[in-house]
Amino acid sequence: MLATGMFTVQMALLVVGLAMVTVSIAQYGKRTHDWGGIVKMFYKRVEMTSGEYKSYRLGIALLVIGVVIRIVNLTFWPV
């Protein structure tokens, strides 16, 4: 029961985090029309609005928390 709940939380965090990162990247691309800047976003600073940046960082944080929960799941309930 707990393993199923943890799996559900893990998947929800990963999906929501990925969706938030994708939305913020799409907003940046639409606003600047610099679709090549999306690739630079991962290793160089690009000028994002505060809303785009907050969404991007929150999405990354949710992805990291989802990965940590995945590691906990595999530690306590190996498949």
Could you check how much of the accessible area of region 16-62 is carbon and sulfur, as a whole percent, using a 1.4 Å probe? 63
Dipole magnitude of the chain about its Cα centre (Cβ charges: Lys, Arg +1; Asp, Glu -1), debye to nearest 20: 160
Could you give the semi-axes, largest first, of the ellipsoid that matches the chain, computed as the square roots of 5 times the alpha carbon gyration tensor eigenvalues and rounded to whole Å? 31, 11, 9
Per residue solvent-accessible surface (Å²) - the chain, probe of 1.4 Å: 71
Stretch gain in nm, segment Ile38-Ala26, where the contour uses 0.36 nm per residue and the Cα spacing is subtracted: 3.5 nm
Accessible area of Lys54 in the full protein assembly, 1.4 Å probe (Å², nearest 10): 140
Estimated vicinal HN-Hα couplings, Hz - region 55-68 in sequence order (Karplus 6.51, -1.76, 1.60; Gly, Pro = x): 5, 5, 5, 5, x, 5, 4, 5, 5, 5, 5, x, 5, 4
Quick check on the chain: helices-only [θ] at 222 nm, where DSSP H runs of length 4 and up contribute -39,500 (n - 2.57) each and the sum goes over total residues. Nearest 500, please. -27000 deg cm²/dmol
Would you work out the relative contact order for region 4-79, in percent, from Cα pairs under 8 angstrom that are 6 or more residues apart? 52
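The values are calculated or read from the model by the stated rules, or taken from the named source; none is laboratory data. Being a predicted model, the structure only gives us computed values, none of them experimental. Glycine also receives a Cβ, built like all others from the backbone with ideal geometry; neighbour counts cover every protein chain displayed. SASA here: full protein model, heavy atoms, side chains in, ligands and nucleic acids out. Shrake-Rupley method; radii C 1.70, N 1.55, O 1.52, S 1.80 Å.
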